[in-house]
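J.: Quick one: the structure is below, questions incoming.
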Amino acid sequence: MSETVLPDNPPDLDDLLSPEAIDRPFQYYRRLRETRSVYWNKRWNGWIVTGYPEVVEGFRNHTKLSSDRFSGPFGEDLSEASSQYQQLFRLLSQIFVWKDPPYHTRMRKLVNKAFTPRSVEVLRPRIQELVSSLIEPMRGQREVDFFARFAFTLPVVVIAEYLGVPAEARESVRKWSEDLGAVIFVRGNDTDRMRKGEQAMHDLAEFLKPVIAERRRDPREDLISGMLQAADGGDAFTDDEVVANAILMVFAGHETTMNLLANGMVAFDQFPDQWARLRADPTLARSAADEVLRFDGPIRAQARWAKEPLELAGQRIEAGDRVLLVQHAANRDPAGFTDPERLDIARRPNKHTAFGQGIHTCLGAPLARLEAEEAFRGLSQAFPRYTIHEQELRYAPTVVSRSLTQLHVTFHES
Ligand code: HEM
């Protein structure tokens, strides 16, 4: 299941949605990195950053590189849509991952009070129980749809329970998450995405409002109650901000983790010795999760734009320029990792960029790591081997996420 070799002259290095870039990104981005680690892409009309040191520097330089999607060049792209789809944009514009300080600092500080590593670690026994309950029915099956039977269900149930929303709503959550993903991940083939995104945002907000009202009256041990109680001096979240944050968690906590689990199965299929190694030593599950994040993480790249001119790898980036920080390329750069094309589940150090870096570093990283650790441990202990049935692996045509369209697997118990 390894990547097919690229032709000597790929059709267009500037086409970020070509089959090469989407289905065989590691070769494509290697070629780009070897051409120029900070490369001007005429079609995207911005800089594509593919070297490890440059991607890390880009993530850390939040004073010059903005995450704000609602001003600068990204704001201009969205200005027509934002007047047409007002509810979608009113809530999207409160989601702090797409904002700069001081708004970002205030929101993150408050969310941090509720979303603590301790509040995540207490979920471990429940996650182990869920993993076992998903594995049991896959035993003895000829072929299972890995997304439907495992990769989708685990993260969606975990995030629903952690937030404190009814897990029965998971099919709706999947649909909303998919439709919002089409807006956020700029799916190349979906022209109706803004309309669907607005509907999804509306439905998700309507679903969350009564849950929030109930938790205000009767707080529980969940994240929505935690956010409602979080205070910093006299500052606290408004209901609208709690809705925006809950939407961010549902979205960020579901699709990414689901894709991590599926990408992991593909990575271990390429390196069966590492599956056997994990089975023999399950204490490696934690570092195995990080190695899958490095090797084929669920996020390909993150966008920024320059608020002020800056230099990166000798290239002058002008104020107003777009910049794409390609984590997939950085994570396979020999400047950052020894033998980067190899999956090594005990790799140390492993300072990958899958969760970003700097002030926006993924807040949910402890939860994503915990889920992946327990999932890979559980699956490798239950099944010494598995077979992937896809003739060719196909990925959704987006610049930002690395998301398989389907994955059918037969698990073998001997
Ligand atoms: C494997 C799974 C995941 C990956 C690869 C991932 C990746 C990322 C990345 C790259 C960022 C930084 C975005 C940027 O710099 O612009 C981020 C931010 C964030 N992630 Fe995750 N994430 C994952 C799972 C989760 C989960 C499970 C949650 C919560 C339940 C979560 C919540 C967040 C939040 C709230 C932010 C915004 C942080 C900020 O802007 O300060 N993520 N994530």
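The values are calculated or read from the model by the stated rules, or taken from the named source; none is laboratory data. These numbers were taken from a predicted model, which means no experiment stands behind them. Quick reminder, even Gly has a Cβ in these numbers, built from the backbone with ideal geometry, and neighbours come from all protein chains shown. What goes into the accessible areas is simple: the full protein's heavy atoms, side chains included, and nothing from ligands, DNA or RNA. Shrake-Rupley method; radii C 1.70, N 1.55, O 1.52, S 1.80 Å.
J.: Out of the DSSP beta bridges found with both residues in the chain, what percent are antiparallel (nearest 5)? The partial results should precede the final answer.
T.: Values: 24 of 28 bridges.
Restricted to the chain, the bridges split so that about 85 percent are antiparallel.
J.: Compare the peptides 388-396, 331-339 by average per-residue count of other Cβ atoms within 10 angstrom and give them in order, highest first.
T.: Highest to lowest by the protection proxy: 331-339, 388-396.
J.: Once you charge only the Cβ atoms, +1 for Lys and Arg and -1 for Asp and Glu, what is the size of the charge dipole of region 19-412 about its Cα centre, to the nearest 20 debye?
T.: For this selection, approximately 640 debye.
J.: Where Rh denotes the Kirkwood radius from the mean inverse Cα pair distance, what is Rg over Rh for region 246-383?
T.: 1.03
J.: On a straight-distance basis, which aspartates and glutamates could pair with Lys196 in a cross-link, Cα separation under 19 angstrom, same-chain partners fewer than 8 positions away excluded?
T.: Straight-line reach from Lys196, under 19 Å: Asp77, Glu80, Glu171, Glu178, Asp179, Glu206, Glu255.
J.: Grab the Cα-Cα distance for Asp203 and Arg31, subtract it from 0.36 nm times how many residues apart they are, and report the gain in nm with one decimal.
T.: Contour length minus the Cα-Cα distance gives 57.6 nm.
J.: Same structure, new question: Can you sort Lys196, Lys99 by 1.4 Å-probe accessible area, starting with the largest?
T.: Ranked list, largest accessible area first: Lys196, Lys99.
J.: Modelled label-to-label distance, Ala167 and Ser79, 7 Å Cα→beta-carbon offset: nm?
T.: 4.8 nm
J.: Taking a ≥ b ≥ c as the square roots of the eigenvalues of the Cα gyration tensor of region 161-297, is the shape rounded (a/c under 1.5), prolate (a/b larger than b/c) or oblate?
T.: oblate
J.: A 28 angstrom limit on the alpha carbon distance is what I want to check against. Which of Lys113/Lys175; Lys64/Lys209; Lys64/Lys175; Lys175/Lys307; Lys109/Lys351 exceed it?
T.: The answer is Lys113/Lys175; Lys64/Lys209; Lys64/Lys175; Lys175/Lys307.
J.: Which order, highest average first, do 239-248, 46-55 follow once you tally other Cβ atoms within 10 Å for each residue and take the mean per peptide?
T.: Top to bottom by mean Cβ count within 10 Å: 46-55, 239-248.
J.: What is the set of long-range amide H partners of Leu65 at a cut-off below 5 Å, with H atoms built 1.01 Å from backbone N?
T.: Lys307
J.: Helix-only estimate, please: 222 nm mean residue ellipticity of the chain, summing -39500 (n - 2.57) across DSSP H runs of length 4 or more and dividing by its residues, to the nearest 500. Write down the numbers at each step before the final one.
T.: Values: 17 runs with 207 residues, N = 414.
Theoretical 222 nm ellipticity from helices: -15500 deg cm²/dmol.
J.: Simple spin-label model, 7 Å along Cα-to-Cβ: Asp192 to Gln87 in nm?
T.: 1.8 nm
J.: Quick one: check the C-alpha center-to-center distance for region 283-337 versus region 28-93, whole angstrom.
T.: 12 Å
J.: Enumerate the helices in the chain for which the Kyte-Doolittle hydropathy averages -0.5 or more and the C-alpha atoms extend at least 24 Å along the helix's axis, using complete DSSP H runs.
T.: Helices passing the filter in the chain: 239-270, 365-382.
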